[in-house]
Amino acid sequence: MSNYITSYIFIMLMTPSLVIFDFDANSNLSNWNVVNDGVMGGISKAKLEINQDGNAIFKGTVSLENNGGFASLRYRFNTKEVGEYTKVIIRLKGDKTTYQFRTKTNAYDRHSYIALFETTGEWQTIEISLSEMYPAFRGRKLSIPNYPSEQMQEIAFLIGNKKAENFKLEIDKISLQ
C-alpha cells in the first residue's frame, strides 16, 4: 500500500465521531422545532416527545388536504465544522416508510441537502454519505453541487411521500463519522 493510502486509512480510523444529538430522558428539546405544511395552508399534524426509554418520538399524520403533504422536524445549532467527516450515522426505529434526512450549511439558506432513507420497523443504523446529499428547494432538485461537507448548522427529518399517512419515527442518536 502506498504511504498516502496508509495515512488516509489511519486518519479515518483515528477521527472520532461528532455527536450532533444523543437523546436521553433529560434531553433539552428547545432547539428542535416541528414545521408542518401549515406554512403552506396544509393541515398535517406532528409532534416531538421523549419516551420512557429516552428516545425522541417524532409522530403525527400527513394530510394532502389544502395542498398539504409533509411534516418535518428541524434542529438548529451553532456552526459545526464538518470537513473531516464523510457520513451521517443515525440510530432509529421507523415504521416501514420513507423519510428524508436534510442538512443545511447555513440555517438561513433557502435550500437543503437531502438524502432519502427507508425504515424497516426495527431498530437500524442508517448511514448517509454526505457527498451524495443533493440540493433541493421546495421539492425541486437544484443545479448546484452536492453537499460541500464544510460546515453544518441545521439537520431535519421530513416525511412527504405524496400520500396521507400516519407516521412514527423513534430516534436515538445522530452523529457524523
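So which of E154, E132, E127 ends up being open to solvent by less than 20 Å² (accessible area, probe 1.4 Å) and out of contact with any Leu (no Cβ under 7 Å at 6 or more places or on another chain)? Give the derivation first.
Values: E132 fails: open to solvent by less than 20 Å² (accessible area, probe 1.4 Å); E127 fails: open to solvent by less than 20 Å² (accessible area, probe 1.4 Å).
Among E154, E132, E127, only E154 is open to solvent by less than 20 Å² (accessible area, probe 1.4 Å) and out of contact with any Leu (no Cβ under 7 Å at 6 or more places or on another chain).
The number of residues in region 91-104 being open to solvent by less than 40 Å² (accessible area, probe 1.4 Å) and touching a Ser or Thr at 6+ places or on another chain (Cβ under 9 Å) comes to 8.
Quick grid of which residues meet (1) within 25 Å of V19 (Cβ to Cβ); (2) touching a helix residue (DSSP H, G or I) at 6+ places or on another chain (Cβ under 9 Å):
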site: G68; (1), (2): no, yes
site: T98; (1), (2): no, no
site: F101; (1), (2): yes, no
site: G121; (1), (2): no, no
site: L142; (1), (2): no, no
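Do we find that Y113 is surrounded by fewer than 18 Cβ atoms within 10 Å (Cβ to Cβ) and within 16 Å of the chain's Cα centre (by Cα) in this structure? It is false that Y113 is surrounded by fewer than 18 Cβ atoms within 10 Å (Cβ to Cβ) and within 16 Å of the chain's Cα centre (by Cα). Would you confirm, using the coordinates I've provided, whether S175 is open to solvent by 90 Å² or more (accessible area, probe 1.4 Å), of a type in the set (S, T, Y) and either under 21 Å from K80 (Cβ atoms) or more than 16 Å from the chain's Cα centre (by Cα) (or both)? For S175, the condition - open to solvent by 90 Å² or more (accessible area, probe 1.4 Å), of a type in the set (S, T, Y) and either under 21 Å from K80 (Cβ atoms) or more than 16 Å from the chain's Cα centre (by Cα) (or both) - is not met. Among the residues of region 141-158, the ones that are out of contact with any His (no Cβ under 7 Å at 6 or more places or on another chain) and more than 28 Å from K47 (Cβ to Cβ) come to 10 in all. Taking (1) more than 21 Å from I57 (Cα to Cα); (2) assigned to a strand (DSSP E or B); (3) of a type in the set (G, A, S) in turn, S175 satisfies each apart from (1).
Could you please let me know if E118 is within 12 Å of the chain's Cα centre (by Cα) and open to solvent by 70 Å² or more (accessible area, probe 1.4 Å)? So E118 fails the test.
Contact map, region 74-93: first residue touching a residue at least 12 places away in the same chain (Cβ under 8 Å), second residue of a type in the set (V, I, T) and not in a strand (DSSP E or B), Cβ cut-off under 6 Å, separation 6 or more or different chains; pairs are E84/T15.
Wholly within region 8-119, which strands (runs of 3 or more DSSP E) include no fewer than the required count, namely at least 3 residues that are at pLDDT 95 or above and aliphatic (A, V, I, L, M)? Qualifying strands (runs of 3 or more DSSP E): 18-22, 45-50, 56-62, 87-93, 112-118.
The values are calculated or read from the model by the stated rules, or taken from the named source; none is laboratory data. All values derive from a computational prediction rather than experimental measurement. Positions of Cβ are backbone-derived with ideal geometry, glycine not excepted, and every protein chain shown enters the neighbour counts. Note: accessible area is taken over every heavy atom of the protein model, side chains too, but ligands, DNA and RNA are not part of it. Shrake-Rupley method; radii C 1.70, N 1.55, O 1.52, S 1.80 Å.
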